[in-house]
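Trainee: Supplied in structure tokens, the structure appears directly below.
The values are calculated or read from the model by the stated rules, or taken from the named source; none is laboratory data. Not measured: the values here are computed from a predicted model. Positions of Cβ are backbone-derived with ideal geometry, glycine not excepted, and every protein chain shown enters the neighbour counts.
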Amino acid sequence: MAKTRDDLKIDGKSFTDGIDKKIYDQCIFSNCDFSNAKIHSCNFTDCTFVNCNVSMTDFHNTTLNNVVFVNCKILGVKFNYCHDFIFEVSFDNCILDYSSFEKRKMSKTIFKNSSLKGVDFGEADLKQAQFTECDLNEAIFYDTNIQEADFTSAYNYVIDLSQNYIKKARFSKNELIGLLSQFDIVIE
């Protein structure tokens with residue numbers, strides 16, 4: 001892999017033609033367009049993406065190690081295709097709608113002020129994850145480890161308690177309906 005250190009701050013660049021076998025270390029990508037790009041066998045370590053469009057990006061076999069996304073549009077990204085060895089990400093004020101984290105190991109991941117509509121968390125390990133002020137409308141949880149996860153300020157979630165690992169997960173009283181919906185009961 002070729003190591004890229006030409007600019008630690010990359011602003012306004014288009015990566016839509018794709019990237020193959022590059023290493024980015026401690027880079028800040030600002031106002032960049034990665035939409036529909038094929039990012040294959042790359043390594044992003046200690047990088048930050050700010051105000052970037054990452055929608056429909058293919059991160060096939062790419063490592064995301066301590067990568068922070070801030071104010072990014074990340075629609076329909078299949079993070080489950082990223083490299084398995086190291087996967088450490090966080091999201092602040094992002095739109096992640098219809099993305100997939102299926103089978104990802106991502107304990108302690110922070111999702112803050114983000115839209116996670118229709119996101120697939122099936123079979124993911126989200127132990128101790130934080131969902132602060134996140135919209136989880138139609139998010140998918142099945143065989144998901146959400147032990148000790150914090151949903152106290154999240155909203156619009158429906159989680160089948162019998163289909164997930166939930167020990168010591170924290171929820172808001174206001175959103176209990178999303179935990180009881182599978183019982184077909186009336187709550188007034």
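Trainee: Looking at the range 66-163, what strands (runs of 3 or more DSSP E) fall wholly within it and have at least 2 residues that are surrounded by fewer than 19 Cβ atoms within 10 Å (Cβ to Cβ) and either basic (Lys, Arg) or at pLDDT 95 or above (or both)? Spell out the reasoning first.
Mentor: On the way: elements: 87-92, 110-112, 130-132.
It comes to 87-92, 110-112.
Trainee: Then there's this: Within the range 16-24, is even one residue within 30 Å of residue 140 (Cβ to Cβ) and among the aromatic types (Phe, Trp, Tyr)? Give the derivation first.
Mentor: Going through the range 16-24, the residues within 30 Å of residue 140 (Cβ to Cβ) turn out to be 16, 18-19.
The next check asks that each one be among the aromatic types (Phe, Trp, Tyr); those that pass are none.
Checked against the condition, which is being within 30 Å of residue 140 (Cβ to Cβ) and among the aromatic types (Phe, Trp, Tyr), the range 16-24 yields no hits at all.
Trainee: Please determine, by comparing only the residues of the range 7-22 that are exposed (fewer than 12 other Cβ atoms within 10 Å of the Cβ) and in a loop (DSSP other than H, G, I, E, B), which one is modelled with the lowest pLDDT.
Mentor: By that ranking, first place goes to 7.
Trainee: From (1) surrounded by fewer than 19 Cβ atoms within 10 Å (Cβ to Cβ); (2) over 18 Å from residue 80 (Cα atoms), pick out the condition that doesn't hold for residue 27.
Mentor: (1)
Trainee: Also, I was wondering about something else. Have a look at 87, 79 and point out the one that is within 11 Å of the chain's Cα centre (by Cα) and either within 19 Å of residue 138 (Cα to Cα) or among the hydroxyl-bearing types (Ser, Thr, Tyr) (or both).
Mentor: Values: 87 fails: either within 19 Å of residue 138 (Cα to Cα) or among the hydroxyl-bearing types (Ser, Thr, Tyr) (or both).
That would be 79, the only listed residue that is within 11 Å of the chain's Cα centre (by Cα) and either within 19 Å of residue 138 (Cα to Cα) or among the hydroxyl-bearing types (Ser, Thr, Tyr) (or both).
Trainee: Now a separate question. For the structure I just gave you, tell me whether residue 77 is closer than 20 Å to residue 117 by Cα, touching a residue at least 12 places away in the same chain (Cβ under 8 Å) and not charged (D, E, K, R). Walk me through how you get there before you give the answer.
Mentor: Numbers: closer than 20 Å to residue 117 by Cα: yes; touching a residue at least 12 places away in the same chain (Cβ under 8 Å): yes; not charged (D, E, K, R): yes.
For residue 77, the condition - closer than 20 Å to residue 117 by Cα, touching a residue at least 12 places away in the same chain (Cβ under 8 Å) and not charged (D, E, K, R) - is met.
Trainee: Within the set of pairs 6 or more residues apart or between chains, which connect a residue that is under 14 Å from residue 62 (Cα atoms) inside the range 1-23 to a residue that is among the charged types (D, E, K, R) and at pLDDT below 50 with Cβ atoms less than 8 Å apart?
Mentor: Correct list of pairs: 22/3; 23/3.
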